[in-house]
1. Could you list, in their original order, any pairs among B:Lys133/B:Lys217; B:Lys586/B:Lys617; B:Lys104/B:Lys307; B:Lys183/B:Lys212 whose Cα atoms are separated by more than 20 Å?
2. Where a Cα-Cα gap under 12 Å defines reach, which aspartates and glutamates qualify for B:Lys427, not counting those fewer than 8 residues away within the same chain?
3. What whole number of Å gives the distance from the Cα centroid of region B:332-372 to the Cα centroid of region B:188-220?
4. Post the alpha-carbon centroid distance, region B:258-302 to region B:556-608, in whole angstrom.
5. If I stretch the segment between B:Asn506 and B:Glu393 completely, what's the gain in nm (0.36 nm per residue apart, minus their alpha carbon distance), one decimal?
6. Does chain B come out rounded, prolate or oblate, given a ≥ b ≥ c as the square roots of the eigenvalues of its C-alpha gyration tensor, rounded meaning a/c under 1.5 and, failing that, prolate meaning a/b above b/c?
7. In terms of Cα to Cα distance under 14 Å, which aspartates and glutamates are near enough to B:Lys433, apart from those fewer than 8 places away along the same chain?
8. Fewest to most neighbouring Cβ within 10 Å: what's the order for A:Thr53, B:Thr404, B:Thr66, A:Thr128?
Amino acid sequence: MLVPGIEIPHLCFQCEDYPCVEACPEGALSVIHQTGAVKVDVETCTACGLCITACPGKVPHLHPDGSSIVICDLCDGEPQCVKACLEGRWNALTLLPREKSISYKMLAATPKELTRKVANHILGEKTTKEVLG
Amino acid sequence: MRGYAGKFLEIDLSSRAIKEKKVPDSVLRDYIGGRGLATRILWDILGSTWESVDPLSSENMLLVLTGPLTGYFPGTKICVSGKSPQSNGVIGSTVAGEFGIDLKCAGYDGLIIRGKAEQPCYLFICDNHVEIKEASPIWGKKARETVRFLVKESLKEIKDIRPGYGEVIEPSFLYIGPSGENKARIAAVTSKYAHAAGYGGYGAVMGAKNLKALVAKGFGPLPDVYDKERTLDLVQEFLVKNFERERFRRWGTGAGGYYFGAETSSEPIRNWQEEWHQEQSYKGEEFDKYWVKKNWGDFGCPTTCLKVSVLKDGTYEGAICDNPDYELESYLGTNLGIFTPEKNIYLSYVSNELGSCGIQSGAVLGFAAELYQKGILTREDLDGIALEWGDVEAFAALAERIATRQGIGDILSEGIYRAAVKISEMKGLDVLKYAIHEKGVAIGAHGIRSGRDYVTTNPIAYACSVQAGDHTSGADLPIGHRHSELFSIMGDSAVYCFFAAMALDNRDIFNFYEAVTGWELTEEEWYQEKALRILQLQRAMLLLGGPDITWKPNLDDELPPRFWEPLPSGPDKGRSLDRTAFEKSKLEYFNAAGWNENGVPKPETLRNLGLEDVEVKLREASLIS
């Protein structure tokens with residue numbers, strides 16, 4: 001919790017140019033054509049972390065066992081997080097079709113950037129500044 | 001063993017020794033975790049010398065325990081316990097937040113903290129990396145600065161432990177403010193910004209140990225459950241049942257500030273001088289205007305009773321707090337003659353920043369204000385503060401003095417009962433009659449005189465509770481049912497949020513326990529044996545008490561004098577409690593709990609429950625002849 005009430009999921013936005021896929025020296029990352037999601041081949045992945053550096057939102061992270069990278073693969077088009085969110089009626093996550101006219105890369109941000117942006121909007125600048133320093 | 005991580009961490013702050021500890025399955029089956037297990041551990045280690053253990057000494061222990069349901073049940077809590085500096089007994093005080101989940105994901109069911117650190121410190125846990133770290137940069141700091149420091153330092157540390165991991169979600173933490181550092185008995189253990197384990201005063205226990213905070217990060221996963229499919233099915237079922245209770249999700253308890261005053265005449269007003277009001281300015285809708293986030297829950301919570309309030313302009317611009325919930329609306333509002341949401345939000349924020357429990361500090365502030373109203377405490381006594389009802393600046397100033405023990409604050413920081421004793425001595429007259437407390441613990445904001453508050457359906461709720469003033473653990477008859485203390489013990493021991501369980505049947509909870517642990521437990525077995533055993537231990541330790549105060553059985557199982565006066569206003573004007581009915585209920589309760597006519601556990605009750613050593617101890621203390 002960086003700011004109370006502003007806990008935002010920090011997920012892959014599927015940038016149009018896929019800098020993570022580009023950055024992978026092992027060719028372990030690929031794009032799933034149907035959904036646009038990034039797929040990690042856990043056998044090939046060496047957990048070098050170059051994809052994290054390349055990602056504008058620093059979204060990829062290591063699996064807790066340290067063996068490979070984890071990136072959201074949109075659960076083959078049926079994201080379970082969206083399902084859970086709707087089932088619990090929090091209604092915060094919605095599945096939208098991919099629109100060519102949107103620049104998804106521009107949405108990518110680190111958790112801190114995202115939190116600050118939303119907090120500024122919701123809490124006001126003064127409180128956000130006092131909370132985040 | 002399923003649902004448990006299987007080990008606890010025992011930390012001695014004096015010798016800086018950290019070791020893992022296992023608890024046998026048989027003990028876990030009987031005491032479950034949280035409040036129940038804390039009671040058992042305290043009895044085993046401190047029981048023989050209980051009366052001489054000063055809660056604010058290095059001898060006392062701080063227990064931070066999860067339960068088997070923590071992390072799986074949709075509504076998460078952690079239980080903080082130890083010898084209470086308020087009641088001198090054991091109180092299982094729960095606080096929401098993800099600390100319990102992180103702890104379990106790190107591989108521990110709980111923390112058993114002993115001794116006292118030489119220098120201010122905080123405990124840092126990241127999986128099997130456990131470290132006692134220096135806290136001098138944040139010693140004396142208020143909530144926001146403390147949290148900022150902990151987030152920054154811990155993330156740095158986690159990055160060192162897991163280099164190349166990527167962005168890490170910040171850990172969970174429990175911490176104290178200046179109030180706890182100064183060993184004010186009204187100090188809470190706080191999580192996030194305003195979630196607090198207030199009952200018991202364990203913030204002061206942390207302060208006495210020079211322990212500023214606990215930080216936990218677990219990369220998981222949670223321990224395996226016994227029946228994963230059934231557990232998931234039950235979670236689904238609970239979600240559906242919970243969101244059908246739309247009102248609670250919409251308002252949380254934030255509409256109570258008006259409701260309990262206007263509708264049930266059971267809200268503390270000006271130190272309980274009245275319990276009825278009809279201030280339209282205090283309706284839920286008026287608070288709603290300040291809620292910048294209307295549904296805020298901790299991990300997996302379907303109820304989201306929390307709201308985030310922010311003051312975006314005006315004198316108190318920048319103030320942030322959650323809700324305030326009903327308890328704070330009343331204790332830091334109506335109880336101080338404040339009927340303006342803005343001022344209530346500000347005072348809640350001040351209290352959160354200081355790390356003071358809203359209930360305990362609101363009670364002592366109201367008490368002081370009544371003494372000022374009656375001319376017993378003068379402006380001079382109060383270090384120049386004119387403590388007029390409704391003057392939020394005056395109350396904020398006094399709250400600050402209490403948390404830092406300056407001037408009159410030094411006396412008031414002792415909590416409502418101890419402060420009343422001191423002021424009585426100081427002034428040479430009895431002010432105890434204005435102290436609304438139950439065995440040293442300020443009472444929850446649910447009055448009993450009107451008989452219409454659903455939290456306190458029986459007038460013995462506080463008087464017979466082993467957690468004294470705790471409104472979430474009231475006594476009721478029959479002894480084994482949903483609103484009885486024995487059911488509260490289940491919530492605090494399995495450690496889940498009872499707000500997220502309000503829509504569920506009793507059976508649901510026991511089913512869930514079985515699905516997670518694979519251990520059979522019937523409701524009857526719980527009421528007739530296991531919960532009863534925990535109740536005996538808590539009662540015994542409450543009566544043994546000491547060293548500064550020892551409660552007299554029966555005589556102190558009494559209501560504050562004010563509660564015997566008729567209600568002075570509202571639709572219930574003139575209504576008062578019936579002494580005969582009260583005494584009858586009390587006796588009936590003692591009997592049902594297996595206690596004698598004075599409320600002391602009977603030898604045969606203790607023997608039946610395998611608590612022979614408690615019998616010996618109670619005999620030594622001349623509680624049973």
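1. B:Lys586/B:Lys617; B:Lys104/B:Lys307
2. The reachable aspartates and glutamates, counting only those whose Cα sits under 12 Å from B:Lys427, are B:Asp381.
3. 21
4. 28
5. Numbers: separation 113, 0.36 × 113 = 40.68 nm, distance 4.51 nm.
Gain on stretching B:Asn506 to B:Glu393: 36.2 nm.
6. Taking the square roots of the gyration eigenvalues as a ≥ b ≥ c, chain B is rounded.
7. The qualifying aspartates and glutamates are B:Glu370, B:Glu425, B:Asp556, B:Glu558, B:Glu565.
8. Final ranking by Cβ density, sparse to dense: A:Thr53, B:Thr404, A:Thr128, B:Thr66.
Values in this text are rule-based calculations from the coordinates and carry no lab data. Just so it is clear, the structure is predicted and the values come from calculations on it, not from any experiment. A quick note on method: Cβ atoms are made from the backbone with ideal geometry, for glycine too, and the neighbour counts reach across all protein chains shown.
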